[in-house]
Amino acid sequence: MNKTGFIFDLDGVIVDTAKYHYLAWKNLADELGIEFTIEDNENFKGVSRRRCLEILLEMGGISVSKEQFEAWLVEKNEDYLQYILKMDENEILPDVKRILNYLKEQKIPMALGSASKNAIPILEKVSLLRYFDAIVDGNSVTKAKPDPEVFLIAAAKLGVDPLGCVVFEDAVAGIEAANSAKMLSIGIGDSEVLSESKFSFEDFTKIDIDFLNKLVLSLQERNNKG
Ligand code: G6P
Ligand code: MG
């Protein structure tokens with residue numbers, strides 16, 4: 001069994017796709033006459049596509065048939081995919097590659113743990129798929145974050161005890177999921193919003209190699225004791 005593993009959320013951690021999710025939800029909201037702001041979009045981070053649509057319809061006080069619901073899900077996703085098609089390596093968030101390269105050099109197994117059903121095409125577009133030893137996405141889970149399922153499956157696929165895993169997350173629900181999986185959570189973004197995380201950084205430019213090395217050592221000790 002590997003001693004340590006690193007798990008990355010996708011949207012908001014590796015790439016800033018939140019802006020494309022926002023544009024696609026906004027298009028649908030406009031069509032339905034629902035007011036939808038960039039602040040509203042915050043509540044959609046880390047939340048499954050299906051649940052996002054439920055929230056949007058609740059905001060507009062709209063109830064619909066199952067068929068209509070499914071049709072709007074498809075419409076939103078097709079719109080979103082138009083933006084994804086244009087993505088390339090320039091959309092990788094600052095210093096993500098520096099950290100991925102370092103962990104790869106150290107032969108530390110890495111997994112993706114995302115709620116998105118579009119995770120693989122996005123990683124392909126930004127040429128990062130090859131870094132990951134396991135991909136756990138919206139197609140492979142039955143319970144959404146804050147349930148720890150996504151991260152527990154990722155740990156099992158990496159062959160790492162959950163106690164030896166580090167999770168990078170930008171969503172409150174994701175931090176909660178990592179904590180309940182007994183993993184070490186690192187928030188990427190606003191430390192006040194991500195106050196439940198063990199550590200937090202504004203972005204990856206603020207994470208140095210010394211920190212990562214110490215983290216790996218402390219996890220190995222934690223794992224040995226566990
Ligand atoms: C991520 C994003 C959410 C998005 C979800 C599903 O968690 O932060 O905003 O709703 O993935 O994404 P999908 O690509 O499957 O619509
Ligand atoms: Mg995210």
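The values are calculated or read from the model by the stated rules, or taken from the named source; none is laboratory data. Everything numeric in this text was worked out from a predicted model, so none of it was measured. Here Cβ is always computed from backbone atoms with ideal geometry, including for glycine, and neighbour counts include all displayed protein chains.
Points to keep in mind about this one:
- For first residues located in the stretch 24-39 and under 14 Å from Leu73 (Cβ atoms), partners that are aliphatic (A, V, I, L, M) and not in a helix (DSSP H, G or I) and lie 6+ apart or on another chain with Cβ distances below 7 Å form the pairs Leu32/Ile62.
- Just one residue in the set Asn90, Asn139 is in a helix (DSSP H, G or I) and either within 16 Å of ligand 1 (Cβ to nearest atom) or free of Cβ contacts under 8 Å to residues at least 60 places away in the same chain (or both); that residue is Asn90.
- Qualifying residue in the stretch 40-51 (condition: touching a residue at least 24 places away in the same chain (Cβ under 8 Å), under 19 Å from Ala119 (Cα atoms) and part of a helix (DSSP H, G or I)): yes
- Breaking point among (1) out of contact with any helix residue (DSSP H, G or I) (no Cβ under 9 Å at 6 or more places or on another chain); (2) within 16 Å of ligand 1 (Cβ to nearest atom); (3) acidic (Asp, Glu), for Glu169: (1)
- Contact map, the stretch 1-13: first residue under 21 Å from Lys206 (Cβ atoms), second residue aromatic (Phe, Trp, Tyr) and assigned to a strand (DSSP E or B), Cβ cut-off under 9 Å, separation 6 or more or different chains; pairs are Phe6/Phe168; Ile7/Phe168; Phe8/Phe168; Asp9/Phe168; Val13/Phe168.
- Lys143 being surrounded by fewer than 18 Cβ atoms within 10 Å (Cβ to Cβ), charged (D, E, K, R), within 15 Å of ligand 2 (Cβ to nearest atom) and more than 18 Å from Phe168 (Cβ to Cβ): no
- Residues in the stretch 118-137 that are within 14 Å of ligand 2 (Cβ to nearest atom) and of a type outside the set (A, V, I, L, M): Asn118, Asp137.
- In the stretch 96-117, residue surrounded by the fewest Cβ atoms within 10 Å (Cβ to Cβ) [restricted to those that are among the hydrophobic types (A, V, I, L, M, F, W, C) and either at pLDDT below 95 or within 15 Å of ligand 2 (Cβ to nearest atom) (or both)]: Val96
- Entry remark, the stretch 150-170: residues being over 11 Å from Ile7 (Cβ atoms), over 13 Å from the mean Cα position of the chain (by Cα) and among the charged types (D, E, K, R) number 1 in total.
- Residue that is nearest to ligand 1 (Cβ to nearest atom) [pool: residues in the stretch 172-197 that are surrounded by fewer than 19 Cβ atoms within 10 Å (Cβ to Cβ), of a type outside the set (Val, Ile, Thr) and under 22 Å from Pro94 (Cβ atoms)]: Asp190
- For the stretch 163-210, the strands (runs of 3 or more DSSP E) that sit wholly inside it and include 3 or more residues that are not small (Gly, Ala, Ser) are 165-169, 184-188.
- Residues in the stretch 121-157 that are under 28 Å from Lys214 (Cβ atoms) and either touching a Phe, Trp or Tyr at 6+ places or on another chain (Cβ under 9 Å) or among the aromatic types (Phe, Trp, Tyr) (or both): Tyr131, Phe132, Val136, Lys145, Phe151.
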